[in-house]
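Undergrad: Take this structure, written in structure tokens, and hold onto it; I'll ask about it next.
The values are calculated or read from the model by the stated rules, or taken from the named source; none is laboratory data. From a predicted model like this one, the values you see are computed outputs, not experimental measurements. Counting neighbours? That spans all protein chains shown, and the Cβs are built from the backbone with ideal geometry, glycine included. What goes into the accessible areas is simple: the full protein's heavy atoms, side chains included, and nothing from ligands, DNA or RNA. Shrake-Rupley method; radii C 1.70, N 1.55, O 1.52, S 1.80 Å.
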Amino acid sequence: MAKLFMFTVIPLFLLCFYSGCIDREREALLQFKDDLNDPFSLLSSWEKESDCCQWEGIRCHKTTDHVVVVQIWGSPLSRGGIIPESLCNLTSVEIIRLVMTRFTGTLPPCLGQLSSLRGLYLPLNSLSGNIPLSFANMSSLVSLDLSFNDLKGVTLLSSICMLNLTNLRVVLLKNNQMNGSLPSCLGSLSSLNWLDLSENQFTGSIPYSLSNLSSLSWLDLLENQFTGSIPSSFSNLYSLGWLDLSNNQLSGNIPYSLGKASSLTRFEVSNNALSGSIPDSLGSLSSLAYLDLSDNQLRGTLPSSFSRLSSLTDLYVQRNRFNQSTPSSALPSSLKKLYLTLNGHQVISEAFFHNLSKLEELRLSNSVLNIGTTWIPSFQLVKLYMTSCKVYGQMPSWISTQFSLLELQLANSSLVGEIPSWVQDMRLQYINLTTNHLEGRLLLNTSSWNQLRVLDMSNNTLYGQMPSIWPSNVQILLLNDNLLTGSIPPRLQDNSSMQALNLANNHLSGIIPPSLADCSELQMLNLGDNNLRGMIPSKFGKLSQLQSLVLKNNRLSGSFPPSMSNCTKLYFLDVGQNLLEGQIPKSIGNLSELIVLAMRKNNLKGSFPTEIGQLKHLQILDLSSNHLSGYIPYSIFSLQAMMLESKSRI
């Protein structure tokens with residue numbers, strides 16, 4: 001009875017003190033719903049007779065009952081394309097978040113009426129145009145997120161300045177198509193805390209006026225086309241914690257004064273044209289945890305002051321022009337990830353790593369390794385990548401002590417001898433031993449390597465037959481340019497997730513197993529330069545994801561299977577130097593993505609297919625040394641791509 005009493009009395013109490021959402025705001029939301037397409041019924045709770053404060057994505061003020069939050073995520077809601085103006089009737093709304101809803105066109109000017117609006121979040125749509133002048137009335141606006149849209153030009157940023165939105169703290173315009181120079185007036189947005197203009201097409205220099213943004217903690221200008229130097233006045237940004245200037249065209253030196261930006265925790269400036277030496281003042285950035293200076297033209301070496309960077313865990317300085325040896329004393333003991341390209345002559349011994357007990361990922365290139373066979377490192381790596389590091393001997397035995405290792409690359413490292421048995425006992429997911437002098441038979445431990453996804457042992461002198469059983473998760477298998485013999489294992493079909501298979505330039509014989517067509521994810525197949533015979537399996541027409549097929553220089557016979565026309569993603573096809581017969585199928589014209597078509601040195605006969613003229617992307621066509629007859633069709637002159645400068649995947 002007590003429960004029944006409470007059930008009947010509480011609603012009477014609420015009738016006196018609580019009325020639910022406001023009628024006109026419910027009507028505005030219902031009109032907004034009517035203007036939308038809702039294929040996944042995300043707004044199914046939006047019913048006329050119900051309390052809109054309980055609707056999905058709606059929040060109301062606890063005391064006034066006004067709608068203060070409208071939030072809809074991830075559905076193609078747009079019916080007419082534009083954002084419905086009925087949204088503007090919610091005069092007390094504080095947060096509007098419409099994410100990935102496929103809205104197009106410009107922002108409705110009526111949004112400027114929403115003087116209480118603090119956050120406008122419209123990312124992952126297709127919006128264009130400028131910010132309406134009416135937004136000047138939005139005196140409460142703190143956060144504006146228009147990332148991942150189709151905004152162009154630079155006038156939108158100028159509009160933000162002109163409207164004097166002095167309370168703005170967050171401006172996110174990542175991944176649009178904005179271009180031109182940044183307006184210097186951005187420096188007048190005194191409250192700005194977070195500015196993300198990354199992945200656009202801005203040009204010109206970075207304005208020095210940004211240094212006036214004393215509250216700025218996040219500045220991301222990644223992947224634009226900025227030129228000139230890094231403003232030395234950035235040292236005035238004492239609150240700046242994140243600075244990303246990567247993937248631009250910046251030049252000159254890294255400013256010495258940047259060492260005064262004491263709050264920096266992350267500094268990225270990779271893939272520019274910066275020169276000079278690394279200033280030792282960066283060693284004063286005691287909060288710095290992530291530093292990426294890779295892919296520039298920096299000279300000298302790492303400053304010894306880096307040893308004071310006690311918070312630094314990630315250091316990326318690969319692919320520069322260091323011309324001095326890097327002292328181990330410059331490496332702070334806090335490092336977990338180290339990417340380092342040396343000068344090509346520096347000899348690395350055990351002492352280089354003595355202070356790096358926390359290291360988890362090491363990528364080292366252009367050095368000479370002189371490490372003893374009994375050394376046991378103090379670290380436990382998860383990833384080890386060494387490229388062009390001269391080892392001059394067998395695989396280093398200290399790697400066998402890395403029990404957490406998942407990824408191993410020792411490419412172009414002058415390794416000799418057989419692959420040690422301990423490699424097979426490691427639970428690796430990625431193995432790359434390409435371009436060495438490794439020899440012996442290829443042995444696999446399918447139980448230890450049951451998570452193996454990538455195996456690259458190309459360009460060695462491995463011999464013998466390929467193993468008949470392979471780990472089932474292998475996605476990329478590269479064994480080309482070895483001395484392997486025997487047939488291709490039919491059981492490779494068990495690797496249904498296989499994406500790339502390269503067995504070219506070995507001594508393989510027998511037929512091509514038709515079962516390879518069961519590798520439904522296969523994108524690249526290269527069996528060229530072997531002794532394979534028989535026919536090209538017609539089942540290959542099932543490989544709907546295939547992009548590159550190379551079978552050249554074998555002894556394949558029969559006709560080219562018409563079923564290959566089903567491989568519509570194919571852009572590279574080379575079956576030259578075989579014994580193929582018959583006519584070139586007319587269905588070859590269905591391979592509309594072809595860039596390279598090579599069928600030279602076969603026994604093909606008949607006429608030149610006019611359908612080849614349909615291959616609008618074709619840049620290389622080689623049908624030489626066959627027995628084709630008749631006229632070259634006029635359709636060949638439709639191949640305009642042959643006349644253009646190649647910017648393709650070949």
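Undergrad: At 1.4 Å probe size, with the rest of the protein present, what percent of the exposed accessible area of segment 229-294 is carbon and sulfur atoms?
TA: Summing carbon and sulfur atoms, their accessible area is 43 percent of the total for segment 229-294.
Undergrad: Separation between the Glu49 and Asp150 pseudo-spin-labels, each 7 Å from Cα along Cα→Cβ, expressed in nm?
TA: 4.3
Undergrad: Which percent of the accessible area of segment 452-534 is formed by carbon and sulfur heavy atoms (probe 1.4 angstrom)?
TA: Reported share for carbon and sulfur atoms: 47 percent.
Undergrad: To the nearest 0.05, what FRET efficiency results for Arg308 and Tyr238 with a Förster distance of 22 Å applied to their C-beta separation?
TA: With R0 = 22 Å, the Cβ-Cβ based efficiency is 0.70.
Undergrad: Treat each spin label as a single point 7 Å out from the Cα along the C-beta direction, and report the Ser134 to Thr374 distance in nm.
TA: Once both label points are built, they end up 8.2 nm from each other.
Undergrad: If you count only protein heavy atoms with a 1.4 Å probe, what accessible area per residue comes out for the chain, rounded to a whole Å²?
TA: Result: 44 Å² per residue.
Undergrad: Can you order the peptides 624-637, 457-470 by their average number of other Cβ atoms within 10 Å per residue, highest first?
TA: 457-470, 624-637
Undergrad: Sticking with this structure for a sec: Gain in length, Arg79 to Asn323, computed as 0.36 nm per residue apart minus the alpha-carbon separation, to one decimal in nm?
TA: 81.8 nm
Undergrad: Counting only protein heavy atoms and using a 1.4 Å probe, what share of the accessible area of segment 80-196 belongs to carbon plus sulfur, as a whole percent? All intermediate terms of the calculation are to be shown ahead of the outcome.
TA: Values: 2190 of 4320 Å².
Carbon and sulfur: 51 percent of the exposed surface of segment 80-196.
Undergrad: Could I ask something else about it? Label points 7 Å out from Cα along the Cβ direction at Glu350 and Gln31: separation in nm?
TA: 7.9
Undergrad: Separate question: Given a Förster distance of 41 Å, report the FRET efficiency between Ser447 and Ser557 from their Cβ-Cβ distance, rounded to the nearest 0.05.
TA: Given R0 = 41 Å and the Cβ-Cβ separation, E is 0.55.
Undergrad: Do the sum for the chain: with -39,500 (n - 2.57) for every DSSP H run of n ≥ 4, divided by all residues, what is the mean residue ellipticity at 222 nm, to the nearest 500 deg cm²/dmol?
TA: Details: 4 runs with 41 residues, N = 650.
One gets -2000 deg cm²/dmol as the mean residue ellipticity at 222 nm.
Undergrad: Pull out the extension gain between Ser357 and Ser625, defined as 0.36 nm times the separation in residues minus the alpha carbon to alpha carbon distance; nm, one decimal.
TA: 90.2 nm
Undergrad: What are the lysines whose alpha-carbon lies under 20 Å from the alpha-carbon of Lys174, with same-chain residues fewer than 8 places away excluded?
TA: Excluding near neighbours in sequence, the set is Lys152.
Undergrad: Of the labelled options (i) 47.6, 182; (ii) 30.6, 105; (iii) 31.8, 99, which one gives Rg and Dmax of the Cα atoms in Å as computed for this structure?
TA: Given (i) 47.6, 182; (ii) 30.6, 105; (iii) 31.8, 99, the structure-derived one carries the label (iii).
Undergrad: Could I ask something else about it? Apply 1/(1 + (r/R0)^6) to the Cβ-Cβ distance of Met162 and Ser257, taking R0 = 30 Å, and write down the FRET efficiency to the nearest 0.05.
TA: Details: r = 31 Å, r/R0 = 1.05.
Rounded to the nearest 0.05, the efficiency is 0.45.
Undergrad: A further question on this structure: Of the peptides 138-145, 335-342, 414-421, how do they stack up when ordered by the mean number of other Cβ atoms within 10 Å, highest first? Show your work: numbers first, answer last.
TA: Values: 138-145: 19.4, 335-342: 20.9, 414-421: 15.6.
The most tightly packed comes first, giving 335-342, 138-145, 414-421.
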